[in-house]
Amino acid sequence: MDAINALVALTNYVIIPATSYGAQLALGALGVTLVYAILRFSNFAHGDTMAFGTAITILMTWIIQQAGLSLGPLPTALLALPIGIVLTAGFALLTDRIVYRHYRKIRASPVVMVMVSVGVMFVMNALTRIVISVFSVPILGAREAVSGVDEIQFADGARFLISARDFRDWTGLAEPLALRATSVITVVTTVIVVVALFWFLNRTRAGKSMRAFSDNEDLALLSGINPARVVAITWIIAAALATIAGTLYGLDKSFKAFNYFQLLLPIFAAAIVGGIGNPVGAVVGGFIIAFSEVGITYAWKKVMGYILPAWEPSGLVQLLSTDYKFAVSFTILIIVLIFRPTGLFKGKTI
Amino acid sequence: MSAHQPQPATGGALRAPLLFAALIVLFIFEGFSSGWNSALGLLNMGLISAIMALGLNLQWGYAGLFNAGTMGFIALGGLAPVLVSMPATPGAMQAGGWRIMGALALAAVALFIAIWLYQRLRKGIRGAALLAWLVAAFFLFRWVFDPGVAAVEAINPSAQGYLGGLGLPILLSWPVGALFAAAAAWAIGKIALGLRSDYLAIATLGIAEIIVAVLKNENWLDRGVMNVNGLPRPFFIPREIDLQADAAFIDVSTKLGIDPVTASTVLVKLLYLGLFVVVIAALLWATERALHSPWGRMMRAIRENEIAASAMGKNVTRRHLQIFILGSAICGLAGAMLITLDGQMTPSSYNPLRYTFVIMVMVIAGGSGNNWGAVLGGVLIWYLWIKAESWGPGLMQLATAGLDNGVLRAHILESAAQMRYLAMGVILLLVLRFAPRGLLPER
């Protein structure tokens, strides 16, 4: 019985949260890694692209809710997501046209491109807050309008697939287990997106041309691949991944623009751990980072109490306080940089 | 590197003096329009920002290194005034301080043993042995460390609850702050330099977040988010309250026809200004000498073509490490100066946009690779950053004058506060695109 209780506690507090967080990081890292593989720079604006896409999706969610439409038990945001993706992709293409294209033309070094992406990051950071604050007024009405720095909850529909009380009634176990709808939606969406992306990269003509371009730019150009098209597709996919990742993260937790900026570190860590430029690596890296982060900042007292009833620890058996969760991604990043700078899977090919 | 394409410098020899003169006129105008106290306050912070920009300019301008963690080095430098100049908390060392020191020493020893193990062991068992050793060492560390922390934090938690400092003059903390930042830069540079250029950016982004997290959460060190207040001032700068109580000072200020309160605040700011100008002058002298020495030419040669430079026998990674440490040390110095000027240490005020990315805008706008440009950019962008906060809403007031005073207008006005971020982004993008060499191009 104790063993089962320990397993339930572990599932409830570590496995479920880490899986959904890992899926969100994996999607974020996929976006970073694709931009790196094709455009060859680390996109510092990716966190704010996620925030921007989520903000647009939230606005659309509100519009749909006002119109009285819903998906029943599923969150309305899923209905708004395609519109969010289209608008964010449009914005990404516009940014490329106005900003990045010039630097490709003059063949700027990657580090200059990174600096340019910092400028884009500033602009998107401000735009996100302005857009959500100003447009919330006509959509939500004067009383419920939000400000740009508010923390916004926009998950509706069913909250739990399995609630803690139901689980206890069914099993009679002492430990509760709650399965939140957003966790399941996150994982299912991620699986669909990742499978679709890999199918696209490996099976379609456009995907193959992207891989060729990433592998050897000159050879790809020589064989008649249109670089402008490859770049445009990359931005569209990156924006879509960012919007999906951001929306899932927001559904699961809440939307706050600054938190998205701070996701940049675990996302980059995930991409580098897996091997930057490598999509499989990005997915694996996302889960490695998420499980380490949750596992190391979780207080193991409860689980330990079931496994080793004789041992009564005085503290919480928490390796690090949650305030240091960034230290976990950073430490993993450092270990990888020291021992295997190319990442677990060899980087920079797709 | 393409950001440094050789182009003929425009404007000639008069460009720099003219721009600096314009900056001085700007501040004189500010003094007349919104008072000398606020203008001097703005200028003092601008000069500190200029020093941060000088530090980053060494890294980005001289060597093309992308440091995304300036905030961390500034924050670490800011720890120095607390540790150097605050009085020691009585009894804290006996209660748990020695335990904490012992635990930290233990951690250092454990790391050395780990390195030793890594070098000695065979490949097959190395990973597992290292992991086992580090986990064991971590638990040992926490076992020694935690009771010490609890004991220190229990001492008068509303006012102290930390170890305190050494009670030495605060000016001593400036070089100490630089040393702290240099040590962190050495550790991070040793790992991330010599790899792909983006890795340094991401590693520094991480170390900055962690340094700030430590400062926010380790209460025994700096009281965390409870802040350390009432830091002493440099010995020759009096407190405003003492000045206002001083009969001779009141006498002089009334004779000059200035209100004693205003006079005291302005005098204090002028004294700080003098101190900062001395520091900037010294740094400018040193960095200019360095830039025009064989060392500076070598750095630029490495920046322009790493492969060629290494073919000439230059150790690129070593030089990068050296300049990365120097630049970070200057940022640490600026961080210590900032805390000295504020008189308090508030770890929650460190924001990456403000302390990392705005500093980048300063360097790029001023002119990467030009020290005078970094100073110009530092002061000018700081001025814009502060002013944009009030200009944004002001501009929006005008733009939305047609709307009635409803919620929509309130929201537009509220979000205008975000204009400063938009402004920084637009400035950075415009400069990179149309004037990649900045206001004062590198000669």
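Quick look at the numbers
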| read-out | value |
| --- | --- |
| Any helices (runs of 4 or more DSSP H) falling wholly within segment A:238-350 and containing at least 2 residues that are crowded, with 23+ Cβ neighbours inside 10 Å and either touching a residue at least 24 places away in the same chain (Cβ under 8 Å) or within 11 Å of another protein chain (Cβ to nearest Cβ) (or both) | A:257-262, A:264-274, A:279-297, A:325-339 |
| In segment B:178-196, the residues that are charged (D, E, K, R) and part of a helix (DSSP H, G or I) | B:Lys190 |
| Checking B:Tyr199 against (1) free of Cβ contacts under 8 Å to residues at least 12 places away in the same chain; (2) touching a helix residue (DSSP H, G or I) at 6+ places or on another chain (Cβ under 7 Å); (3) exposed (fewer than 15 other Cβ atoms within 10 Å of the Cβ), the condition it does not meet | (3) |
| Scan of segment A:11-38 for residues that are buried (at least 20 other Cβ atoms within 10 Å of the Cβ), touching a Lys or Arg at 6+ places or on another chain (Cβ under 9 Å) and of a type in the set (A, V, I, L, M), ordered by number | A:Ala37 |
| Residue in segment B:399-409 that is more than 10 Å from chain A (Cβ to nearest Cβ), part of a helix (DSSP H, G or I) and either modelled with pLDDT under 85 or surrounded by fewer than 16 Cβ atoms within 10 Å (Cβ to Cβ) (or both) present | yes |
| Any hit, segment B:271-291, residues being at pLDDT below 90 and crowded, with 20+ Cβ neighbours inside 10 Å | yes |
| Set A:Phe52, A:Phe44: member being away from chain B (no Cβ under 11 Å), crowded, with 18+ Cβ neighbours inside 10 Å and under 23 Å from A:Leu264 (Cα atoms) | A:Phe52 |
| Residue ranges of helices (runs of 4 or more DSSP H) in segment B:58-177 with at least 2 members without any contact (Cβ under 8 Å) to a residue 12 or more places away in the chain and either among the small types (Gly, Ala, Ser) or closer than 27 Å to B:Leu205 by Cβ (or both) | B:98-120, B:123-153 |
| Helices (runs of 4 or more DSSP H) contained in segment A:58-165 and holding at least 3 residues at the interface with chain B (Cβ under 8 Å from one of its Cβ atoms) | A:110-140 |
| Candidates B:Gly167, B:Gly177 - the one that is more than 14 Å from chain A (Cβ to nearest Cβ), of a type in the set (Gly, Ala, Ser) and crowded, with 19+ Cβ neighbours inside 10 Å | B:Gly177 |
| Output for segment B:25-57, where each listed residue is free of Cβ contacts under 8 Å to residues at least 12 places away in the same chain and of a type in the set (Val, Ile, Thr) | B:Val25, B:Ile28 |
| Yes/no for B:Ala192 being buried (at least 21 other Cβ atoms within 10 Å of the Cβ), at pLDDT 90 or above, within 22 Å of the chain's Cα centre (by Cα) and not charged (D, E, K, R) | no |
| Scan of segment A:33-57 for residues that are in a helix (DSSP H, G or I) and of a type in the set (Ser, Thr, Tyr), ordered by number | A:Thr33, A:Tyr36, A:Thr49, A:Thr54, A:Thr57 |
| Test set (1) modelled with pLDDT of 95 or more; (2) in contact with a Ser or Thr (Cβ under 6 Å, 6 or more places away or on another chain) - B:Ala68 fails condition number | (1) |
| Any hit, segment B:410-420, residues being within 13 Å of chain A (Cβ to nearest Cβ), buried (at least 16 other Cβ atoms within 10 Å of the Cβ) and at pLDDT 90 or above | no |
| Residue match in segment A:166-181 (condition: of a type in the set (Asp, Glu) and assigned to a helix (DSSP H, G or I)) | yes |
| Boolean, B:Ile386 is touching a residue at least 40 places away in the same chain (Cβ under 8 Å), of a type in the set (Val, Ile, Thr), more than 11 Å from every other protein chain (Cβ to nearest Cβ) and surrounded by 14 or more Cβ atoms within 10 Å (Cβ to Cβ) | yes |
| Residue satisfying all of: in segment B:335-357; outside any helix (DSSP H, G or I) and over 10 Å from the mean Cα position of the chain (by Cα); farthest from A:Phe261 (Cα to Cα) among these | B:Gly343 |
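The values are calculated or read from the model by the stated rules, or taken from the named source; none is laboratory data. Keep in mind that what you see is a predicted model, and the values were worked out from it rather than measured. Don't worry about glycine lacking a Cβ; one is built from the backbone with ideal geometry, like all the others, and counts go over all protein chains shown.
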